[in-house]
Every structure is written in C-alpha cells, then in structure tokens.
Amino acid sequence: VLAAGKHALVDKPFASAEDVGRLVEAAEGKGLVFMDGTHFVHSLRMARMAATCREDPRVGKIQKIVACFTYPLADRANIRFDPNLEPHGAIGDLGWYCVKFAQAILGPSARPISAFCRAADDSLANAAGIVTFRTP
C-alpha cells in the first residue's frame, strides 16, 4: 500500500517491531500517513481526559491506573488459544489496550520499568498482567 503511494491505516498484529519501524520509515520517506487503527487513543475525548488528568490540580499526581479489557471467549478453536498462532495470547491481543490507555493518560514521557504476567493455562488466553511505569 505504501509502495503504491497510499496512506495506511493498519491493525495488529505485526510480525515484529522491526517490521513496524520499516513501515514507518517507508511512510515518512514518501510523506504518507502510517497510523494504527487504535481509534480511542486518537480521539478528542481521550486527549481531553489525558490533559485533565495531567494538568488539572484537582486530580493530583496519578499513582495508580487499574484497567481491564475482557470479553467472553468460549470458542476453543479461536487463535488466542493456540500459542503457535497467537504467541502472546490474550495479553498480546487485548492487554496492550490497557497499556496504551495508561500511556495516553500518563503522557509520552512515561516509560515502562517492569512487567509481570500470569496465565491460567499454557494458551495464555486467560491471563492478567501488571505494568509499572515511571513518570518524570
């Protein structure tokens, strides 16, 4: 798409961070937009909420964000149950929404400093995680 001179709106998964880097470079080199399809972080509502959380003195310093993203998953044939097709399971498929939300609220200077994940079984389809960020 980028090679054809078209802007690209994409969704996960990507094969690797290196692939994403190459796509970003290709888009920038042609003056094109390469944008992820994670609409909530690009919305005006999210921008206002993040600004309020970071700048409104009534909010104070954010010390903890608890986020959860779930949906029922009864179909055992779903790729999230197959580590060969979805090696990061539910954390790779859904957990990053929570991380992206926290990063949006905390701001661009927030950096993850530790992460922990616990899965209910080998498929990683039922998992929970904790990410700790450092902010200036």
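Each value in this text was obtained by applying a stated rule to the coordinates, not by laboratory testing. Every value quoted in this text rests on a predicted model; they were computed, and no experiment measured them. FYI the Cβ positions are ideal-geometry reconstructions off the backbone, even for glycines, and counts take in every protein chain you see.
Work out the count of Lys pairs in the stretch 1-131 where the Cα-Cα distance is under 29 Å, with the pair 8 or more places apart or on different chains.
Details: 6/30; 6/100; 12/30; 12/64; 12/100; 30/100; 61/100; 64/100.
Lysine pair count for the stretch 1-131: 8.
Ordered by packing density, taken as the mean number of other Cβ atoms within 10 Å over each peptide's residues, highest first, how do 35-48, 53-66, 95-108 rank?
In descending order of packing, they fall as 95-108, 35-48, 53-66.
Using the Kirkwood formula over every pair of different C-alpha atoms, what hydrodynamic radius in Å results for the stretch 21-136?
Values: mean 1/r = 0.0606 Å⁻¹.
Across the stretch 21-136, the inverse of the average 1/r is 16.5 Å.
Is there a quick way to get the dipole size of the chain? I mean about its Cα centre, with the Cβ of Lys and Arg at +1 and of Asp and Glu at -1; what is the value in debye to the nearest 20? Walk me through the numbers on the way to the answer.
Values: 16 positive and 14 negative charges, 145 e Å.
Here the size comes out at about 700 debye.
Projected onto the charge dipole of the chain (+1 at Lys/Arg Cβ, -1 at Asp/Glu Cβ, origin at the Cα centre), which of 63, 103, 27 gives the Cα projection farthest towards the positive end?
63
Counting alpha carbon pairs within less than 8 Å and at least 6 residues apart, what relative contact order, in whole percent, applies to the chain? Display every interim value, and only then the final one.
Values: 152 pairs, mean separation 25.5, N = 136.
Averaging sequence separation for qualifying contacts and normalising by length gives 19 percent for the chain.
Let a ≥ b ≥ c be the square roots of the eigenvalues of the Cα gyration tensor of the stretch 24-85; is it rounded (a/c under 1.5), or, if not, prolate (a/b larger than b/c) or oblate?
On the way: a/c = 2.99, a/b = 1.21, b/c = 2.48.
Oblate shape, in that a/c is at least 1.5 and b/c is the bigger or equal ratio.
Please sort by residue number the trypsin sites (Lys or Arg not before Pro) in the stretch 1-38 whose DSSP state is loop and whose Cβ has at most 16 other Cβ atoms within 10 Å. The partial results should precede the final answer.
On the way: sites: 6, 22, 30; in loops: 6.
Answer by residue number: 6.
Quick check: pseudo-label points 7 Å beyond the Cα along Cα→Cβ at residue 63 and residue 25, how many nm apart are they?
Going by the 7 Å Cα→Cβ label model, 4.5 nm.
With r as the distance between the Cβ atoms of residue 114 and residue 51 and R0 = 22 Å, compute the FRET efficiency 1/(1 + (r/R0)^6) and round to 0.05.
After rounding to 0.05, the efficiency reads 0.25.
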